[in-house]
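Everything on this sheet refers to the single structure shown next.
The values are calculated or read from the model by the stated rules, or taken from the named source; none is laboratory data. Note that the coordinates shown come from a computational prediction; the quantities given were computed from them, not determined experimentally. Note that each Cβ is placed from the backbone with ideal geometry, even for glycine, and that neighbours are counted across all protein chains shown. When the accessible area is computed, the model is the full protein with side chains, heavy atoms only, and any ligands, DNA or RNA have been set aside. Shrake-Rupley method; radii C 1.70, N 1.55, O 1.52, S 1.80 Å.
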Amino acid sequence: MSARVHLDHDHVRHLLRQMIRIRHFESKCVELYQAQKILGFLHLYDGEEAVSVGVMEALGADDAVIATYREHGQAIARGIGMDVLMAEMLGKQEGCCRGRGGSMHIFDKAARFYGGNAIVGGGLPLAVGVALGDKMQGRNTVTACFFGDGAVDEGEFHESMNLAALWRLPVLFVCENNLYAMGMALERAEAQTDIVAKAAGYRMPGVAIDGMDVVAVERAARDAVEQIRAGGGPQFLECRTYRFRAHSMFDAQLYRAKDEIEAWRKKGPIVRFEGWLLTNGLIREEEVRRIEAEADSEIDGAVAFAEAGTLEPVEELERFVTMAEVPA
Amino acid sequence: MSGPASTTYREACRQGLRDALLNDPKTFLMGEDIGRYGGCYAVTKGLIDEFGEERIRDTPLSESAYVGAGIGAALVGMRPIVEIMTVNFSLLALDQIVNNAATIPHMSGGQFAVPLVIRIATGGGRRVAAQHSHSLEGWYAHIPGLRILAPAVLEDARFMLAAALADPNPVLIFEHVMLYNIEGELDPAVAAVDIARAKVRREGGDVSLIAYGNGLTKALAAAETLAAEGIAAEVVDLRVLRPLDTPTLVASVAKTRRCVIVDEGWKSGSLAAEIGMRIAEQAFFDLDAPLRRVCGREVPMPYAAHLEDAALPQPADIVAAARGLVRPA
């Protein structure tokens, strides 16, 4: 059985638009990084957009999301406003985390977005707990947990997979396998490179899918979420994808060949989906240009919002180290 | 309940847990062998029969996963109490405690709190050698965002948990393994304790003995010996290792003008060092003698009884340190 993805005009346009919004947002981030307005680490999602866009389509507003330090795509696809994201990148108090988190630590309570975790594997135990807490409170929700292929090296991956499967918790584990854990190639790090086989070791149903195909991701995610909501326990998706850019802004990419990157770029999620839509007459060229223009205009607005943002007074530095109460 | 009720530290801890489970349906327990086994120190014995497997959750041996799961559950409205068998094992969950529990409130700009309680057994004296006997609570006391408690008396064992659960922040409660069997009476008039202040457990004017956990027991024993020698020691129970109640410590030292700090942790980079420095910063001119520390010897805890005893602070060491300050040779 397979959940249907309705490829009507509105929906395909929406999928393309989401991927373009992420891609263009990050291009602007690179500019701002080069202008030294964004500092620290900046991990780009360029090439992996289909994964978060496809998975988010399967989630409802009550579901929860946990992501990694490469989470701009998840944040935008989840519906967090570009304005508060960009303000966060610029370290402004109008940012979603008041400038305390930055690029790697996006949190948004309204979106049930629980970070932005920059410890590889560190988000998986949290996802187990969010799912457990929701389940114990009778909420019929799903917690989507994104992580990379590097996380499967970590003990926290294995502990969390086991615990979620043992307690049949409503977690959708989404492995974004981009073949490199920073510079460490999958086959140099894993005795077993078949990641779905690891899920099977915990008797967790899982599939590997083409993570460059947004429709395939959405379909698989809808299938998985349907199973989870029916009480079937956790599910596992391995989305095979590729990171077109460097790991972070400090990476000379000595560990992979340029022609490998070029070959993957040709299979990119946007170029491929856009090409398919155009070929099949599902979208017109000028419509694509309009989507791009709208995304750029939204991004310009976000940058203006962020630039106009204010710096939190240094006197507030220690605020939120401890909380006076649990926020409502 | 009328007159004082006799109990043990272990039973006091268990009653605290029962209260928590009875008072709040969002509270549940999670940890290794806390259910069917009854808890490695038998603190949770019987709770699974009373509250069921949903709320007394036996976990696999996955400290990082179940501590992280406690954090996640706390983020979405539960009030989990997680038990870790011993502080040495807590290192397997250090990432979750330090990188998530302690950072998420601040890192999220105050969008989230982590109202999680973690109970951890700590300390030496049971002849269980170097991987079950250390006192690493001082490390946790280094971390902003955490509250660190060390109940040393029955009253605190009984009531600190309720206060910890009322705190919207992650609270680590360190129960010293040598205290579980101590017996005594609980004052029926006391139904709550604070988790903010240190407390003077014995008054005296000649020297302040600052201690926590099982060190308090030893400091009180030392004070008895000193009294017989005509030295009136004041014994201050730290109770809260973070944030430190510096005013209470400074007030005691300002009165006695001499201070010995007792800490089972290793001296280098210890909690005792922090306390000593605060007193030096804030009460230097009140001191009539140098600050002294009685700490754990800097060795992995040995198994053999005579070696372990030598590695741990003992009442005689505290007596000698205090005597040396009051009556220098």
Report A:Glu187's accessible area, 1.4 Å probe, all protein chains in place, as a number in Å² to the nearest 10. 130 Å²
Accessible area per residue for the protein assembly as shown in Å², computed with a 1.4 Å probe and the full protein assembly in place, what is it? 39 Å²
How much accessible surface does B:Tyr303 have with a 1.4 Å probe, in Å² rounded to 10? 150 Å²
Which order do A:Lys109, A:Lys266 take by accessible area at a 1.4 Å probe, largest first? A:Lys266, A:Lys109
Computed [θ] at 222 nm, helices only, for chain B once each DSSP H run of length n ≥ 4 contributes -39500 (n - 2.57): -10000 deg cm²/dmol
Inverting the mean 1/r over all pairs of different Cα atoms, compute the Kirkwood radius of the protein assembly as shown and quote it in Å. 26.9 Å
Which number comes out as Rg/Rh for region B:27-178 once both Rg and the Kirkwood Rh are worked out on C-alpha atoms? 0.94
Hull surface over four for the Cα convex hull of region A:193-328, reported in nm², is 15.4 nm²
Set the Förster radius R0 to 30 Å, insert the Cβ-Cβ distance between A:Glu190 and A:Gln137 as r into 1/(1 + (r/R0)^6), and round the FRET efficiency to 0.05. 0.20
What do you get for chymotrypsin sites (Phe, Trp or Tyr not before Pro) in region A:61-122 restricted to DSSP loop and a cutoff of at most 15 other Cβ within 10 Å of the site's Cβ? none
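If the chain between A:Ala61 and A:Arg289 were fully stretched, how many nm would it gain, using 0.36 nm times the residue separation less the Cα-Cα distance? Walk me through the numbers on the way to the answer.
Numbers: separation 228, 0.36 × 228 = 82.08 nm, distance 2.96 nm.
Gain in length upon complete extension: 79.1 nm.
Using Cα-Cα distances under 8 Å and only pairs 6 or more residues apart, what relative contact order does region B:17-129 have, in percent? Mind showing how you got there, number by number?
Working: 169 pairs, mean separation 29.0, N = 113.
So the answer I get is 26 percent.
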I'm checking a number: the convex hull volume of the Cα atoms of chain A, normalised per residue, in Å³. What is it? 140 Å³
Among DSSP beta bridges lying fully in chain B, give the percent that are antiparallel, nearest 5. 20 percent
So what is the 222 nm mean residue ellipticity for chain A from helices alone, if each DSSP H run of at least 4 adds -39500 (n - 2.57) and you divide by all residues, rounding to the nearest 500 deg cm²/dmol? -13500 deg cm²/dmol
Translational diffusion coefficient (Stokes-Einstein; Kirkwood radius from C-alpha pairs) of chain B at 25 °C, 0.890 mPa s, in µm²/s: 122 µm²/s
For A:Lys135, give me every one of the aspartates and glutamates with a C-alpha distance below 12 angstrom, ignoring sequence neighbours fewer than eight places off in its own chain. A:Asp63, B:Glu54
Rounded to whole Å, √(5λ) for the Cα gyration tensor eigenvalues of region A:26-108, largest first, gives 21, 15, 9
Ratio of Rg to Rh for region B:157-262, alpha carbon only, Kirkwood? 0.98
Specify the inter-centroid distance of region B:126-205 and region A:1-33, based on alpha-carbon positions, in whole Å. 53 Å
Report, to the nearest whole %, how much of the accessible area of region B:75-181 belongs to carbon and sulfur atoms, 1.4 Å probe, protein only. 59 percent
Cβ neighbours within 10 Å from other chains - mean over A:117-125: 5
Nearest 100 Å² is fine: how much accessible area is buried between A and B, summed over both sides, with a 1.4 Å probe? 3400 Å²
Zone of B:Asn23 (label point 7 Å along Cα→Cβ, backbone N under 19 Å): which residues in region A:306-328? A:324-326
Per GNM of chain B with C-alpha springs under 10 angstrom, the most fluctuating residue out of B:Leu241, B:Leu75, B:Leu29 is B:Leu75
Rank these residues by their accessible area, most exposed first, probe 1.4 Å: B:Trp139, A:Trp276. B:Trp139, A:Trp276
Two-decimal Rg to Rh for region B:1-95 - Kirkwood Rh, Cα set: 1.00
For region A:55-187, with all protein chains present and a 1.4 Å probe, just round the carbon and sulfur fraction of the accessible area to a whole percent. 49 percent
How far is the Cα center of region B:257-302 from the Cα center of region A:214-270, in Å? 54 Å
So what are the ³J(HN,Hα) numbers for region A:90-107, from phi and the Karplus equation (6.51, -1.76, 1.60; θ = phi - 60°), rounded to whole Hz, Gly and Pro as x? 8, x, 9, 6, 7, x, 4, 10, 6, x, 8, x, x, 3, 8, 10, 8, 10
In what sequence, largest accessible area first, do A:Arg21, A:Arg168 appear using a 1.4 Å probe? A:Arg168, A:Arg21
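Hey, what D do you get for region B:66-149 in µm²/s if you plug the Kirkwood alpha-carbon radius into Stokes-Einstein at 37 °C and 0.692 mPa s?
D = 245 µm²/s.
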Please give the Cα centre distance for region A:41-66 versus region A:312-328, rounded to the nearest Å. 29 Å
